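To start, the structure under review is shown below, and the notes come after it.
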Amino acid sequence: MIKKRILIINGPNINMLKKRNSNHYGIKSLEEIQKLCKNKANELNMCVDFYQSNIEGDIVTRLQEALGNYDGIVINPAAYTHYSIAIRDAIEILDIPIIEVHLSNIHKREEFRHKSLTAEVCTGQICGLGYIGYLVAIDAISQLI
Ligand code: DQA
């Protein structure tokens with residue numbers, strides 16, 4: 001049987017996790033989180049690819065390229081969550097399960113983080129669980145597809 005494919009996309013500053021506020025984002029680096037995601041995907045007999053960019057248009061392009069090539073997407077659009085109509089529109093084109101993940105609980109933080117433009121076009125949103133959110137999202141996608 002062909003392995004199902006998941007793409008995990010991270011937005012701006014997620015490559016800087018170790019230097020960011022650990023109260024919000026935990027103590028693991030993006031590389032460490034990606035390793036755990038890879039293990040999780042292996043357990044579930046799925047393939048996983050990773051993409052991180054600080055540039056809105058590059059994330060849009062990666063989402064467009066995902067069309068027809070993946071069975072599910074996990075995305076942490078980071079700050080773009082709160083204002084990127086372009087990323088929202090790119091997500092909306094995809095007809096596969098897409099889970100939005102945030103390390104921190106965006107609803108417990110500043111008012112401007114409460115609104116997600118992107119979650120409205122995702123299958124679901126997980127926030128506030130730290131890196132565990134990514135693992136839960138992979139699990140959810142494996143069951144949804
Ligand atoms: C974040 C939350 C966003 O508000 C913030 O801009 C980030 C990270 C999170 O994972 O908790 O960069 O997406």
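Below, the figures for the structure above:
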{"quantity": "Single residue of segment 1-38 satisfying the filter (of a type in the set (S, T, N, Q), surrounded by 13 or more Cβ atoms within 10 Å (Cβ to Cβ) and part of a helix (DSSP H, G or I)) that is nearest to the ligand (Cβ to nearest atom)", "calculated": "Asn15"}
{"quantity": "Given (1) touching a strand residue (DSSP E or B) at 6+ places or on another chain (Cβ under 8 Å); (2) free of Cβ contacts under 8 Å to residues at least 40 places away in the same chain, index of the condition Leu117 fails", "calculated": "(1)"}
{"quantity": "Cβ-Cβ under 8 Å pairs, at least 6 apart or on other chains, segment 78-102 side free of Cβ contacts under 8 Å to residues at least 12 places away in the same chain and at negative phi, far side buried (at least 19 other Cβ atoms within 10 Å of the Cβ) and of a type outside the set (Val, Ile, Thr)", "calculated": "none"}
{"quantity": "Residue in segment 99-120 that is away from the ligand (no atom under 16 Å from the Cβ), open to solvent by 20 Å² or more (accessible area, probe 1.4 Å) and more than 21 Å from Tyr25 (Cα to Cα) present", "calculated": "no"}
{"quantity": "Residue selected from segment 39-51 under the condition part of a helix (DSSP H, G or I) and of a type in the set (D, E, K, R), by the criterion surrounded by the most Cβ atoms within 10 Å (Cβ to Cβ)", "calculated": "Lys40"}
{"quantity": "Single condition Tyr70 does not satisfy, out of (1) more than 15 Å from the ligand (Cβ to nearest atom); (2) open to solvent by less than 60 Å² (accessible area, probe 1.4 Å); (3) touching a Lys or Arg at 6+ places or on another chain (Cβ under 8 Å); (4) without any contact (Cβ under 8 Å) to a residue 60 or more places away in the chain", "calculated": "(4)"}
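The values are calculated or read from the model by the stated rules, or taken from the named source; none is laboratory data. For clarity, every value in this text was computed on a predicted model and none was experimentally measured. No Cβ is skipped: glycine too gets one built from the backbone with ideal geometry, and neighbour counts run over all protein chains shown. Quick note on the areas: whole protein, heavy atoms, side chains included, nothing else; ligands and nucleic acids left out. Shrake-Rupley method; radii C 1.70, N 1.55, O 1.52, S 1.80 Å.
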